[in-house]
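See below for the structure under consideration.
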Amino acid sequence: MPIYLIKDKANPSQIEEMLSFDAMHDGLTGLANRVLFMDRLEHALEKVKREPGLNYSVLFLDIDYFKSINDQMGHNTGDLTLIELGNRLNKCVRSVDTLSRFGGDEFVILLENTQQDNVTLSVSNRIISELQKPFMISGKKILVTCSIGVVQGLQKYQSPEEVLRDVDIAMYTAKKNGK
C-alpha cells in the first residue's frame with residue numbers, strides 16, 4: 001500500500017485522484033488490477049448484448065516457473081521481472097485493450113474489436129516474440145516463458161466470472177500440455 005506525504009496545502013482533488021488510481025491499479029506494475037479489469041469486462045459483456053456483432057477476446061497469462069525466479073534470485077529480482085514483463089506486454093496490446101495484473105505472476109488482457117485481422121492471434125504472437133528476448137535484471141539474464149489461455153467471443157457468457165473461469169481453464173490446459 002503506497003504511503004502519501006501530504007503537504008500543508010494539499011489539493012483534495014489530487015489526493016482523491018491518487019487514491020482512485022491506486023484502487024484500480026496494481027501497486028507494483030501500475031497496470032490495471034483485477035477490480036478495473038472486471039469492470040471493463042462487465043462493460044464489454046453489456047456492449048456485446050446491445051451490439052451482437054462486436055467481438056472481444058480475453059487472454060490469461062501465467063509465467064512458467066516464476067516461483068523458481070523468486071526462490072533462486074530473490075523477490076526483488078522477481079518484482080523487477082514482473083515490472084519489465086508488464087512493460088513488454090504493454091507494447092503488445094493496442095490502446096483500446098486492457099492489460100491487467102491479477103497478482104503474483106498472472107496477467108489478463110481484454111482485447112476489443114477482435115473480429116478484424118485476427119487480432120487475438122497477432123497479439124498472442126507479439127507476446128511470444130517479446131518473451132523470446134531475454135530479460136536483463138540486475139545484470140542477470142533471465143528467460144521467461146508463459147502459458148496463455150484464450151477465450152474468443154463473449155456472446156455466450158452472462159458474467160465476467162464465467163469468462164474468467166473458462167480462460168483460466170484454457171490457460172491451465174496450455175500449461176498442462178507443454179507450456
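The values are calculated or read from the model by the stated rules, or taken from the named source; none is laboratory data. Being a predicted model, the structure only gives us computed values, none of them experimental. All Cβ positions, even for glycine, are placed from backbone atoms using ideal geometry, and neighbour counts span all protein chains on display. Heavy atoms of the whole protein, side chains included, go into the accessibility calculation; ligands, DNA and RNA do not. Shrake-Rupley method; radii C 1.70, N 1.55, O 1.52, S 1.80 Å.
Looking for whichever is within 25 Å of residue 84 (Cβ to Cβ) and of a type outside the set (Ser, Thr, Tyr) here; the options are 36, 41, 45. Which one fits? None of the other options fit; the residue is 36.
Picking from residues in segment 138-150 that are in contact with a Ser or Thr (Cβ under 9 Å, 6 or more places away or on another chain) and open to solvent by 10 Å² or more (accessible area, probe 1.4 Å), the one that is modelled with the lowest pLDDT is 138. Annotation: of all residues in segment 44-68 being in contact with a Ser or Thr (Cβ under 6 Å, 6 or more places away or on another chain) and over 14 Å from residue 156 (Cα atoms), the one that is surrounded by the fewest Cβ atoms within 10 Å (Cβ to Cβ) is 64. Among residues of segment 69-83 being touching a residue at least 12 places away in the same chain (Cβ under 8 Å) and open to solvent by less than 40 Å² (accessible area, probe 1.4 Å), the one that is nearest to the chain's Cα centre (by Cα) is 82. Filtering segment 84-131 to residues that are of a type in the set (D, E, K, R) and either closer than 20 Å to residue 53 by Cβ or surrounded by fewer than 20 Cβ atoms within 10 Å (Cβ to Cβ) (or both) leaves 84, 88, 91, 94, 97, 106, 112, 117, 126, 130. From the list 127, 142, the lone residue that is of a type outside the set (Ser, Thr, Tyr), farther than 18 Å from residue 108 by Cβ and touching a residue at least 12 places away in the same chain (Cβ under 8 Å) is 142. Comparison of 28, 89, 85, 54 shows that the only residue that is among the aliphatic types (A, V, I, L, M), part of a helix (DSSP H, G or I) and farther than 16 Å from residue 149 by Cα is 85.
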